[in-house]
1. Going highest first, how would you order 114-120, 8-14 by mean Cβ packing within 10 Å?
2. Summing +1 for each Lys or Arg and -1 for each Asp or Glu, what net charge is found among the other residues whose Cβ lies under 15 Å from the Cβ of K106?
3. Subtracting the Cα-Cα distance from 0.36 nm times the residue separation, let me have the gained length for T33 to D116 in nm, one decimal.
4. Would you pull out the residues with amide H under 5 Å of M197's amide H, same chain only if 5 or more places away, H placed 1.01 Å from N?
5. Springs between alpha-carbon atoms under 10 Å, Gaussian network over the chain: tell me which of A97, A124, A190 tops the mean-square fluctuations.
6. Between A97 and D23, how high is the FRET efficiency from 1/(1 + (r/R0)^6) when r is the Cβ-Cβ distance and R₀ = 30 Å? Nearest 0.05.
7. Quick check: net charge around K120, other residues with Cβ under 9 Å of its Cβ, Lys/Arg +1 and Asp/Glu -1?
8. GNM, the chain, Cα, under 10 Å: largest mean-square fluctuation among F172, F47, F158?
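Read the figures in this text as sums done on the coordinates, not as results from a lab. The structure presented is a predicted model; accordingly, all values stated were derived computationally and were not measured. Quick reminder, even Gly has a Cβ in these numbers, built from the backbone with ideal geometry, and neighbours come from all protein chains shown.
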Amino acid sequence: MKIICVGRNYAEHIQELNNEQPDAPVIFMKPDTALLRPGETFYYPEFSEDVHHEVEVVVKISKMGKFIEEKFAHKYYDEIGVGIDFTARDVQSKLKAKGLPWELAKAFNGSAPVSDFVSKSDYADLQDLNFKLEVNGETRQQGNTSMMLYRIDYLISFVSQYFTLKTGDLIFTGTPKGVAAVKPGDRLVASIEGKTMLELDVK
């Protein structure tokens with residue numbers, strides 16, 4: 001099982017981090033050891049003092065495919081959920097300054113909490129989904145999938161040109177603005193269209 005993540009897919013998030021807008025999807029990956037199942041706790045890593053939350057809609061691949069045309073991409077996933085791409089921002093900043101890969105900041109143990117998945121047929125339009133993250137009852141991030149620079153089906157097609165997608169692979173589709181630090185004792189609640197999908201404690 002692969003966890004494939006898309007960076008810089010919402011313009012206002014790009015702006016808040018003073019990054020350049022990409023001319024193609026920015027892709028990175030997390031190992032399966034990054035996955036946190038519903039009900040599990042996120043333990044703050046010792047190597048960082050600035051871990052940020054990034055809430056994202058997550059797509060679960062339902063069958064194997066490669067070199068998928070965008071017009072057929074919808075046939076390769078049946079379910080969606082919500083996840084958090086935890087990022088050690090201080091570590092990432094040091095790596096970026098040296099032109100090095102991001103994995104130490106993005107792919108560490110427990111850095112990919114994911115909700116249970118629901119049928120995509122529950123929603124009229126996957127490219128018009130409201131999703132939100134609350135921290136200790138305060139809204140930190142809220143976005144709509146219509147704001148994506150690269151739409152879900154395009155992302156599946158793009159990724160499949162490089163990696164064979166397999167059943168159970170997860171694609172994190174990018175985060176909206178509002179990323180911020182978490183700390184031990186925080187409680188995170190992520191929702192799609194007002195329905196709570198993921199509740200998570202930081203320790």
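1. Values: 114-120: 16.7, 8-14: 18.7.
So the order, starting with the most tightly packed, is 8-14, 114-120.
2. After counting each charged neighbour, the total is -1.
3. Working: separation 83, 0.36 × 83 = 29.88 nm, distance 1.72 nm.
Extending this stretch completely gives an extra 28.2 nm.
4. So M197 has HN proximity to A190, S191, I192.
5. A97
6. Numbers: r = 22 Å, r/R0 = 0.74.
For R0 = 30 Å, the calculated efficiency reads 0.85.
7. -3
8. Top of the fluctuation ranking is F47.
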